[in-house]
Amino acid sequence: MRKALRWLLALMVFIGTLSTAGAATAAQSEPDIKDRLLAIPGMSLVQEKPYPGYRYFVLNFTQPVDHRHPSKGTFQQRITVLHKDTSRPTVFYTGGYNVSTTPSRREPTQIVDGNQVSLEYRFFTPSRPAPADWSKLDIWQAASDQHRVYQALKPIYSANWLATGGSKGGMTATYFERFYPRDMDGVVAYVAPNDVVNKEDSAYDRFFAGVGTKECRDRLNAVQREALVRREPLEKRYAQYAADNGYTFETIGGLDKAYEAVVLDYVWGFWQYSLLKDCGTIPADAATATDDAIWDSVDAISGFSAYTDQGLETYTPYYYQAGTQLGAPTIHFPYIEKKLIRYGYQPPRNFVPRSIPMRFQPDAMRDVDTWVRQHARHMLFVYGENDPWGSERFRLGAGSRDSYVFTAPGMNHGANVAGLVPDQKALATARILEWAGVAPAAVKADPSAARPLARHDARLDVRDVEREPALRP
């Protein structure tokens, strides 16, 4: 009996040794993640940056200029990969503009403790075809960019994928789901505008009539009006400011148009980026405030460089899309005398060089809106109560399944899951974990137990709203 036990024990040790050796051999033979990424056809390395617990890569990926006709030229599209482990879920992040090359982790990535792939939107430099055929900048072509990146990376990152993005990035994640609904296992879209009928913008006027408190609204309205009352002296200052910085105004058509555009962005810009508690920074009595105080307040919120040629250049692709598919808001100013407003909210056409042709496609947003209402599955939309961009938002319909629209009380354009009321926060976190395929048993049994799986990292976890000039989502 003892001999048999000794023999069995020896056999188990032998098998364990073989298993350990086999695992070690497999681990040694598995290619490095950088090598696996660079083995993808069309993928090239720009830079690898160290970050504790991750590998971080800045890459270029060869994309067709026109996905309908791939043979008609290519361009290099910049992407970044925050690599944790190929066994973890992957979050596909789109900002809708340029991609940051500094390591960061979006909220869903922290929640699921996963990898993150971030994509630069086509036509934002350096991800712009040369020569630039602007007719190839549309939401379907951009969604097809994402689809090809996903197809290239899915064999490496084989676990579940979630799409996410904020503002224009939230719109981008939604359009990706509309055109390629089988790619992602879930979508988390933050503060995503949804301008279904471009010419009907009364929702914005209703928002500004009731947002915050009357005291705060009155302060903001008074400063905005006073900046128009003092147009002549402040425009002289603007001209000197432009000369000192080498700014020009060819695209918008002159300094006067640019000045009014900056001033009319002021109230919108405050609510987009600030909170109700920040009203104390606004001059309390605009009529008696100095020119410096009016200038400084408008510049801090709207930015006097925004509508210069130099300020507009970076955002030409956005304004092109706003004027061809996305739509753009128009609001009114009942507290400002008509004689003080010369141009009103100017259309996107004014912010794009005239050499670039534009034609608006009114059916593009209606198509997406209808699809979301009828087919949304595993989609979460998060809005901020005090964010003007949430005035026209995505809504669910009878055809949607396991999808949600939540509003974070008191929050601005930086609204997130963490800012939701407790029961919605828990539910949203639980659904994100479930869609990613990593929900613990305790969360499946009780969604109120849901928590992010990764610890907060102050450097990685971006919580502030991505700062852009007002009137850009």
Could you grab the relative contact order for the stretch 173-289? Cα pairs under 8 Å, six or more apart, rounded to a whole percent. 32
Solvent exposure of the stretch 361-473 as accessible area per residue, Å², 1.4 Å probe: 46
Return a whole-number percent for the relative contact order of the stretch 56-204, with Cα pairs under 8 Å and 6 or more residues apart as the contact set. 24
Area projected by the alpha carbon convex hull of the chain, averaged over all directions, nm²: 27.7
Given a 1.4 angstrom probe, what's the average accessible area per residue across the stretch 195-273, in square angstrom? 42
Can you give me the pair-distance distribution of the stretch 39-144, C-alpha pairs, 5 Å bins, whole percents? 2, 12, 21, 23, 18, 12, 7, 3, 0
Mean separation of Cα contacts under 8 Å, 6 or more apart, over the residue count of the chain: relative contact order %: 17
To make sure I understand the rule: partners must be aspartates and glutamates, Cα under 18 Å from the Cα of Lys444, and not fewer than 8 residues away in the same chain. Which ones qualify? Asp113, Asp185, Asp402, Asp423, Glu434
Could you work out what % of the accessible surface of the chain is carbon and sulfur, using a 1.4 angstrom probe and leaving DNA, RNA and ligands out of the count? 53
Quotient of Cα radius of gyration and Kirkwood radius for the stretch 66-205, i.e. Rg/Rh, equals 0.98
Mean projected area (nm²) of the alpha-carbon convex hull when the stretch 230-273 is viewed from all directions: 3.6
Applying the Karplus parametrisation 6.51 cos²θ - 1.76 cosθ + 1.60 with θ = phi - 60° to the phi angles of the stretch 128-133, what ³J(HN,Hα) value in whole Hz is obtained for each residue in order, glycine and proline being reported as x? 10, x, 10, x, 8, 8
Taking only Cα atoms of the stretch 189-295, what ratio of Rg to Rh do you get with Rh as the Kirkwood inverse-distance radius? 1.01
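So which of Lys277/Lys425; Lys214/Lys338; Lys214/Lys257; Lys168/Lys338; Lys34/Lys425; Lys257/Lys338 end up more than 26 Å apart by C-alpha?
Pairs exceeding 26 Å: Lys214/Lys257; Lys168/Lys338; Lys34/Lys425.
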Within 10 Å, count the other beta carbons around each residue, average over each peptide in 408-420, 277-289, and list them highest first. 408-420, 277-289
Quick one: longest stretch of the chain between exposed loop GluC sites (Glu not before Pro), exposed meaning at most 12 other C-beta atoms within 10 Å and loop per DSSP? 1-199
For the stretch 92-140, what are Rg and Dmax over the alpha carbons, in angstrom? 13.4, 41
accessible surface per residue for the stretch 298-340, probe 1.4 Å, DNA/RNA/ligands not counted, whole Å² -> 37
Using the Cα atoms of the stretch 321-437, I'd like the radius of gyration and the largest Cα-Cα distance, Dmax, both in angstrom. 18.4, 59
Local electrostatic count, Ala293, Cβ distance below 13 Å [Lys/Arg +1, Asp/Glu -1]: -3
How much mean residue ellipticity at 222 nm does the chain get from its helices, if each DSSP H run of length 4 or more adds -39500 (n - 2.57) and you divide by all residues, to the nearest 500 deg cm²/dmol? -11500 deg cm²/dmol
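The values are calculated or read from the model by the stated rules, or taken from the named source; none is laboratory data. All values reported here derive from a predicted model rather than from experimental measurement. Positions of Cβ are backbone-derived with ideal geometry, glycine not excepted, and every protein chain shown enters the neighbour counts. We work out accessible area using only protein heavy atoms, side chains counted, and drop any ligands, DNA or RNA first. Shrake-Rupley method; radii C 1.70, N 1.55, O 1.52, S 1.80 Å.
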